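First up is the structure itself, then whatever we jot down about it.
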Amino acid sequence: MHYVLLATHSAETCPLSNSKTKELLLQVAPEIPRLAEKAGVTLVAGPFVNREHTVVTIVTADRVESVDQLLEETRLSHWNSVRVVPSLTMEEGLEEIQRQTPIF
């Protein structure tokens, strides 16, 4: 299953303005690929960062608990509010649409 991770933080906790968060991020960021593998998560795209204080990452995992383990071990949720959105590829979504009976 694909999961889109949408992590948002305030300007006050942004690594650009907060020395503690900066230190934590610089420590953990190089470890993210190893921690993902350990949790059974594959990084598909990202993490992408932007000026909106949002981090976007796309991952795959057999279980959402694996994604939660990754969030815990990276400590991303210590300074972000993280939405984990189960997602389908376009092809999978189209297959689902074809199988379903419209209600309208």
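The values are calculated or read from the model by the stated rules, or taken from the named source; none is laboratory data. What you are looking at is a predicted structure, and each value in this text was computed from that prediction instead of being measured. Methodologically, a virtual Cβ is constructed for each residue, glycine included, from the backbone with ideal geometry; neighbour enumeration extends over all protein chains shown.
Scan region 30-39 for residues that are exposed (fewer than 13 other Cβ atoms within 10 Å of the Cβ), out of contact with any Leu (no Cβ under 8 Å at 6 or more places or on another chain) and within 27 Å of residue 89 (Cβ to Cβ) and jot them down.
Correct list: 34, 37.
Answer with yes or no whether residue 76 is closer than 29 Å to residue 17 by Cβ and at pLDDT below 95.
yes
Restricting attention to region 29-47, which residues are at pLDDT 95 or above and touching a Ser or Thr at 6+ places or on another chain (Cβ under 8 Å)?
Listed by number, the residues that qualify are 31, 32, 35, 36, 39, 40, 41, 42, 43, 44, 45.
Consider residue 4 carefully, then state whether it is touching a helix residue (DSSP H, G or I) at 6+ places or on another chain (Cβ under 6 Å) and in a strand (DSSP E or B).
Spelling it out, it is not the case that residue 4 is touching a helix residue (DSSP H, G or I) at 6+ places or on another chain (Cβ under 6 Å) and in a strand (DSSP E or B).
Out of region 16-29, which residues are loosely packed, with under 15 Cβ neighbours inside 10 Å and under 16 Å from the mean Cα position of the chain (by Cα)?
29 - this is the single residue of region 16-29 that is loosely packed, with under 15 Cβ neighbours inside 10 Å and under 16 Å from the mean Cα position of the chain (by Cα).
Of these, 43, 35, 5, 16, which one is among the hydrophobic types (A, V, I, L, M, F, W, C) and farther than 17 Å from residue 69 by Cα?
Checking each option against the conditions leaves just 16.
Residue by residue, here is whether (1) in contact with a strand residue (DSSP E or B) (Cβ under 6 Å, 6 or more places away or on another chain); (2) among the charged types (D, E, K, R) holds:
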{"site": "44", "(1), (2)": "yes, no"}
{"site": "50", "(1), (2)": "no, no"}
{"site": "57", "(1), (2)": "yes, no"}
{"site": "60", "(1), (2)": "yes, no"}
{"site": "78", "(1), (2)": "no, no"}
{"site": "85", "(1), (2)": "yes, no"}
{"site": "92", "(1), (2)": "no, yes"}
{"site": "96", "(1), (2)": "no, yes"}
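Filter region 15-39 down to residues that are farther than 14 Å from residue 75 by Cα, out of contact with any Asp or Glu (no Cβ under 8 Å at 6 or more places or on another chain) and not in a helix (DSSP H, G or I), then give me how many there are.
Within region 15-39, residues that are farther than 14 Å from residue 75 by Cα, out of contact with any Asp or Glu (no Cβ under 8 Å at 6 or more places or on another chain) and not in a helix (DSSP H, G or I) number 2.
Does residue 2 meet the test of being modelled with pLDDT of 95 or more, touching a strand residue (DSSP E or B) at 6+ places or on another chain (Cβ under 8 Å) and more than 30 Å from residue 91 (Cα to Cα)?
When the stated conditions are applied, residue 2 does not pass them.
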